[in-house]
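Participant: I'd like to ask some things about the structure below.
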Amino acid sequence: MIGMTIETPYQAYTATVEPAWIDYNGHMNVGYYHVVFDIAVEPFFHWLGLTPEFREQTGGSTFALEAHLNYFREVREGDPLRFETRLLDHDQKRIHYYQEMFHAEEGFVAASHECISVWVDMSTRKTSPLPQASISRLAEIKQAHSVLPRPWQVGHAISVHKPK
């Protein structure tokens, strides 16, 4: 990896809003935002080195611990989407990342998703440290992604009142 350019932010996934994702309001249903963000993070995890083969070799996998979704503008059936993902932080067991969903033609941010995933030993189904090779790769990517401005949504608390 040394000497290679790290994509900042990572962009690999695109989708089109499917008819089945549309609700009675004529736009993408809330639940499908979670689905498509989950699908969109898979290429990012593979890019991190957390491929199906790596998971099988190590006997580990990632589980979501916490997720926050923000909806900004609606998307409708047939709308093209593109996703950007960035690594915010990590430790020995957890990966904190942030994604944005863009309308691929009009360019607006439709939604954002922040998540913390944890590495799990699949034989015990308990958290365990990530393999050292993963920690090293995460450190490189975190450093490269740290130049990106921190989105205001990161760590945002939900409330009907504005923060003081």
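The values are calculated or read from the model by the stated rules, or taken from the named source; none is laboratory data. Note that this is a predicted model, so its numbers are computed, not measured. When we count neighbours, we look across all protein chains shown, and the Cβ atoms used for this are built from the backbone with ideal geometry, even at glycine.
Participant: Among the residues of segment 16-32, is there at least one that is under 21 Å from residue 96 (Cα atoms), surrounded by 13 or more Cβ atoms within 10 Å (Cβ to Cβ) and touching a His at 6+ places or on another chain (Cβ under 9 Å)?
Facilitator: No, segment 16-32 contains no residue that is under 21 Å from residue 96 (Cα atoms), surrounded by 13 or more Cβ atoms within 10 Å (Cβ to Cβ) and touching a His at 6+ places or on another chain (Cβ under 9 Å).
Participant: Separate question: Select from segment 16-28 the residues that are in a helix (DSSP H, G or I) and in contact (Cβ under 8 Å) with a residue 24 or more places away in the chain and write down the one among them that is nearest to residue 68 (Cα to Cα). Please lay out each step first, then the result.
Facilitator: Within segment 16-28, the subset in a helix (DSSP H, G or I) is 19-21.
Going one step further and asking which of them are in contact (Cβ under 8 Å) with a residue 24 or more places away in the chain, we end up with 19, 21.
On the way: 19: 25, 21: 20 Å.
Per the stated criteria, the residue is 21.
Participant: Additional query: Is it the case that some residue within segment 80-93 is modelled with pLDDT of 95 or more and farther than 23 Å from residue 49 by Cα?
Facilitator: Scanning segment 80-93, I find at least one residue that is modelled with pLDDT of 95 or more and farther than 23 Å from residue 49 by Cα, so the answer is yes.
Participant: Determine, yes or no, whether residue 41 is closer than 13 Å to residue 101 by Cβ, touching a Lys or Arg at 6+ places or on another chain (Cβ under 8 Å) and modelled with pLDDT of 95 or more.
Facilitator: no
Participant: A follow-up question, please. In segment 117-134, is there at least one residue being within 30 Å of residue 16 (Cα to Cα) and of a type in the set (Phe, Trp, Tyr)?
Facilitator: The answer is no; no qualifying residue exists.
Participant: Kindly provide the set of residues from segment 103-142 that are part of a strand (DSSP E or B), surrounded by 14 or more Cβ atoms within 10 Å (Cβ to Cβ) and not polar (S, T, N, Q), ordered by number.
Facilitator: Step one: list which residues in segment 103-142 are part of a strand (DSSP E or B), which gives 103, 109-121, 126-127.
The next check asks that each one be surrounded by 14 or more Cβ atoms within 10 Å (Cβ to Cβ); those that pass are 103, 109-121, 127.
Across segment 103-142, the qualifying residues are 103, 109, 110, 111, 113, 114, 115, 116, 118, 119, 120, 121.
Participant: How many residues are outside any helix (DSSP H, G or I), of a type in the set (A, V, I, L, M, F, W, C) and free of Cβ contacts under 8 Å to residues at least 60 places away in the same chain if we restrict to segment 29-64?
Facilitator: Applying the first criterion (outside any helix (DSSP H, G or I)) to segment 29-64 yields 29, 49-51, 59-64.
In the following step, the residues that additionally are of a type in the set (A, V, I, L, M, F, W, C) were identified as 50, 63-64.
Of the ones still in play, those that are also free of Cβ contacts under 8 Å to residues at least 60 places away in the same chain are 63-64.
Going through segment 29-64 one residue at a time, the tally reaches 2.
Participant: Considering each of 32, 97, 24, 71 in turn, give the residue that is on the phi < 0 side of the Ramachandran plot, under 11 Å from the mean Cα position of the chain (by Cα) and aromatic (Phe, Trp, Tyr).
Facilitator: Values: 32 fails: under 11 Å from the mean Cα position of the chain (by Cα); 24 fails: under 11 Å from the mean Cα position of the chain (by Cα); 71 fails: under 11 Å from the mean Cα position of the chain (by Cα).
Step by step, each of 32, 97, 24, 71 is checked, and only 97 is on the phi < 0 side of the Ramachandran plot, under 11 Å from the mean Cα position of the chain (by Cα) and aromatic (Phe, Trp, Tyr).
Participant: Follow-up. With the requirement that a residue be among the aliphatic types (A, V, I, L, M) and either part of a helix (DSSP H, G or I) or under 25 Å from residue 7 (Cα atoms) (or both), what does segment 65-84 give you? Talk me through it step by step, then tell me what you get.
Facilitator: Taking segment 65-84 as the starting set, the residues that turn out to be among the aliphatic types (A, V, I, L, M) are 65, 67, 69, 75, 81.
If the condition is that a residue be among the aliphatic types (A, V, I, L, M) and either part of a helix (DSSP H, G or I) or under 25 Å from residue 7 (Cα atoms) (or both), then 67, 69, 81 are the ones that fit.
Participant: Conditions: (1) buried (at least 20 other Cβ atoms within 10 Å of the Cβ); (2) in contact with a helix residue (DSSP H, G or I) (Cβ under 8 Å, 6 or more places away or on another chain); (3) without any contact (Cβ under 8 Å) to a residue 60 or more places away in the chain. Residue 71 meets all but one. Number of the miss?
Facilitator: Condition (1) is where residue 71 drops out.
Participant: Might you let me know whether segment 129-143 holds any residue that is in contact with a strand residue (DSSP E or B) (Cβ under 9 Å, 6 or more places away or on another chain) and charged (D, E, K, R)?
Facilitator: Yes.
Participant: Can I ask one more? Take segment 22-32 and flag every residue that is closer than 21 Å to residue 115 by Cβ and either among the small types (Gly, Ala, Ser) or touching a helix residue (DSSP H, G or I) at 6+ places or on another chain (Cβ under 9 Å) (or both).
Facilitator: Selection gives 28, 29, 31, 32.
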